[in-house]
1. Residue check, LYS116 against (1) on the phi < 0 side of the Ramachandran plot; (2) touching a residue at least 12 places away in the same chain (Cβ under 8 Å); (3) within 14 Å of the ligand (Cβ to nearest atom), all met but one. Which one?
2. For the structure I just gave you, tell me whether GLU127 is in contact (Cβ under 8 Å) with a residue 24 or more places away in the chain, in a loop (DSSP other than H, G, I, E, B) and either surrounded by fewer than 22 Cβ atoms within 10 Å (Cβ to Cβ) or among the basic types (Lys, Arg) (or both).
3. Could you say which residue among GLU135, GLU159, GLU127, GLU84 is out of contact with any helix residue (DSSP H, G or I) (no Cβ under 8 Å at 6 or more places or on another chain), modelled with pLDDT of 95 or more, farther than 30 Å from GLU7 by Cβ and of a type outside the set (Ser, Thr, Tyr)?
4. Does segment 76-122 hold any residues that are out of contact with any Pro (no Cβ under 7 Å at 6 or more places or on another chain), of a type outside the set (A, V, I, L, M, F, W, C) and open to solvent by less than 40 Å² (accessible area, probe 1.4 Å), and which are they?
5. Has segment 73-89 got at least one residue that is over 17 Å from ASP37 (Cα atoms), under 13 Å from the mean Cα position of the chain (by Cα) and within 12 Å of the ligand (Cβ to nearest atom)?
6. Report, by residue number, each residue of segment 49-64 that is open to solvent by less than 90 Å² (accessible area, probe 1.4 Å) and either more than 7 Å from the ligand (Cβ to nearest atom) or not assigned by TED's automatic domain parsing to the domain that holds LYS75 (or both).
7. Any idea which of GLN139, GLN179 is under 18 Å from MET108 (Cα atoms), more than 11 Å from the ligand (Cβ to nearest atom) and not assigned by TED's automatic domain parsing to the domain that holds GLU33?
8. So the check is Cβ under 6 Å with 6+ separation or different chains; which pairs have a first residue in segment 148-169 that's of a type in the set (Val, Ile, Thr) and open to solvent by 80 Å² or more (accessible area, probe 1.4 Å) and a second one that's assigned to a loop (DSSP other than H, G, I, E, B) and within 11 Å of the ligand (Cβ to nearest atom)?
Amino acid sequence: MIAQIRESLIRGRAPEVVAGVAQALQQGMGAEEILNDGLCQGMGIIGEKFKKGEIFVPQVLLAARAMKQGAELLKPHLVAAGVEPVATAVIGTITGDLHDIGKNLVGMMLEGAGFKVIDAGIGVKAETFVQLAREHRAQIIGVSALLTTTMVNMRAVVEAVRAAGIAAKVIIGGAPVTQAFCDEIGAEGYSPDAASAAQLALRLVAGETRGVGR
Ligand code: B1M
């Protein structure tokens, strides 16, 4: 069934993906398994095909739409309901970058871990992250980047947070981002996936000063 979801996603068939996800949930499959082995792996294959020039932007967009609709169905299963928020997190995709699927997953996982999430959207400037963090008294600022050309803009967020003197901790992630890059720009943490980003945020809120998502 997971293979079928992946295949439908690769073909960009959103209704099939939604039906597959619904069926998998009905049969008792875990939401994280469906997300990671079905939807995320499918998008990974799309990325490979795009890189090799086997498919083009329209097909990637169709797959992205299918991914979003499938993930939307999983959201209630990933998010804890009716719990008092542990803290507030502002999340967004860095300026110049419009990839938002990973960022949206991070948002879902943070909500699942009990955070109140303020989603600043895509193409978010450093000043906007700071302004929202101040306004909402956020303890975490989560920044996503998918392009090697935009990840460099993450440094400005760290610098703006320091300059503003706010207490929020900056965590970063996205396909090209690494722990070494995190250390280089002085962000408080990096994590390779959405689930570990939420765990990292929890540890930072609990008092850890710097961390790595595991
Ligand atoms: Co784009 N794109 N894209 N794209 N796209 C990539 C990123 C690329 C690697 C494809 C490739 O060549 N193989 C490549 C970047 C190359 C590079 O920089 N070295 C690329 C390119 C080149 C481009 C354009 C320039 C193409 C063009 O126009 N010629 C263009 C740029 C537009 C822009 O942003 N200014 C572009 C456009 C697009 C679409 C609009 C068509 C679409 C985005 C749709 C959308 O997001 N709404 C798209 C897509 C879908 C992709 C790929 C295929 C898939 C990305 C994705 O959603 N993955 C991608 C290839 C790839 O990554 N394999 C590609 C699924 C998602 C769940 O994973 O976002 O990595 P990801 O999130 C992961 C982790 O990274 C992590 O958690 C998630 C998993 O749990 N994570 C965090 C993410 N953020 C985090 C934050 C954290 C912690 C963890 O803490 C805060």
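1. Going through the list (1) on the phi < 0 side of the Ramachandran plot; (2) touching a residue at least 12 places away in the same chain (Cβ under 8 Å); (3) within 14 Å of the ligand (Cβ to nearest atom), LYS116 breaks only (3).
2. No, not satisfied.
3. Just one listed residue meets the conditions, GLU135.
4. Once the filter is applied, which keeps residues that are out of contact with any Pro (no Cβ under 7 Å at 6 or more places or on another chain), of a type outside the set (A, V, I, L, M, F, W, C) and open to solvent by less than 40 Å² (accessible area, probe 1.4 Å), segment 76-122 yields THR88, GLY92, THR93, ASP97, ASP100, GLY102, LYS103, GLY107, GLY112, GLY121.
5. Yes, there is a match, as at least one residue in segment 73-89 is over 17 Å from ASP37 (Cα atoms), under 13 Å from the mean Cα position of the chain (by Cα) and within 12 Å of the ligand (Cβ to nearest atom).
6. LYS49, GLY53, ILE55, PRO58, GLN59, LEU62 - these are the residues of segment 49-64 that are open to solvent by less than 90 Å² (accessible area, probe 1.4 Å) and either more than 7 Å from the ligand (Cβ to nearest atom) or not assigned by TED's automatic domain parsing to the domain that holds LYS75 (or both).
7. GLN139
8. Here the result reads THR148/PRO176, each pair linking segment 148-169 to a residue that is assigned to a loop (DSSP other than H, G, I, E, B) and within 11 Å of the ligand (Cβ to nearest atom).
The values are calculated or read from the model by the stated rules, or taken from the named source; none is laboratory data. Since this is a predicted model, take the numbers as computed values, not measurements. Methodologically, a virtual Cβ is constructed for each residue, glycine included, from the backbone with ideal geometry; neighbour enumeration extends over all protein chains shown. Only protein heavy atoms, including side chains, enter the accessible area calculation; ligands, DNA and RNA are left aside. Shrake-Rupley method; radii C 1.70, N 1.55, O 1.52, S 1.80 Å.
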